[in-house]
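Data block below; observations after.
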Amino acid sequence: MITKNQLKLGLDISKIHHIISRKMDGAIINVINNDLTVSQAYVIDFISNIHKDKDVFQKDLEKALDLKRSSISLMLNNMEKNGLIKRISVSEDARLKKIVLTEKSIKLNKNISCTINSVEDKLSENITQEEIEIFQRVLNKIRNNLE
């Protein structure tokens, strides 16, 4: 049986999404220059965090950012044109190109990463690790319900 509280769940999630987006995007806009979009800043931060452990490919970005192939492809083309990334063929499969940050984007990421971490810290203020883990489990259940 669906209660009134459950009917508001989607609206509540939407509201908090907009608040977080405004805070995060506003904070990032303050530290990036005009050659970079907020979405590109997220891509740089993602690659920077993942690249230490493994190669990053376009499909990884599609999945992580929940964006369509065409959107990611256009963004990566623009980033490559602006000298923010390089796409390098891998020896196992010439069709695959790993995405590597340039020195320019590595320098930019210092401010980007610091800003994202600052907003993330604010988000989790006064919330215990246990509450965060429960919240993440609930979010995963909601995501699975919608897939």
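By the beta-carbon count within 10 Å of each Cβ, the least crowded to most crowded order of Ile13, Ile116, Ile99, Ile106, fewest first, is Ile13, Ile106, Ile116, Ile99.
In a fully extended conformation the segment linking Asp25 and Asp53 would gain 7.4 nm over its present Cα-Cα distance, using 0.36 nm per residue. Here volume of the Cα convex hull per residue in Å³ was calculated from the structure, and among [x] 153; [y] 114; [z] 135 it sits at label [x].
In order along the stretch 113-119, the phi-based Karplus estimate (6.51 cos²θ - 1.76 cosθ + 1.60, θ = phi - 60°) of 3J(HN,Hα) comes to 4, 4, 5, 4, 4, 5, 5 Hz; Gly and Pro are listed as x.
The mean sequence separation of alpha-carbon pairs under 8 Å and at least six residues apart, normalised by the residue count of the stretch 43-129, gives a relative contact order of 30 percent. If you plug the beta carbon distance of His17 and Asn77 into 1/(1 + (r/R0)^6) with R0 = 30 Å, you get a FRET efficiency near 0.60. Were the residues from Glu120 through Lys68 laid out at 0.36 nm apart, the gain over their Cα-Cα distance would be 16.2 nm.
Taking amide H atoms as placed 1.01 Å from N in the peptide plane, the amide H of Val56 lies under 5 Å from those of Ile99, each 5 or more residues away in sequence or on another chain.
Dividing the helix sum by the residues of the chain, where each DSSP H run of 4 or more adds -39500 (n - 2.57), gives a mean residue ellipticity at 222 nm of -22000 deg cm²/dmol.
We did not get these values from a lab; they are worked out from the coordinates using the rules stated. This one's a predicted model, so the numbers in the text were calculated from it and none came from an experiment. Note that we place each Cβ from the backbone using ideal geometry, even for glycine, and neighbour counts take in every protein chain shown.
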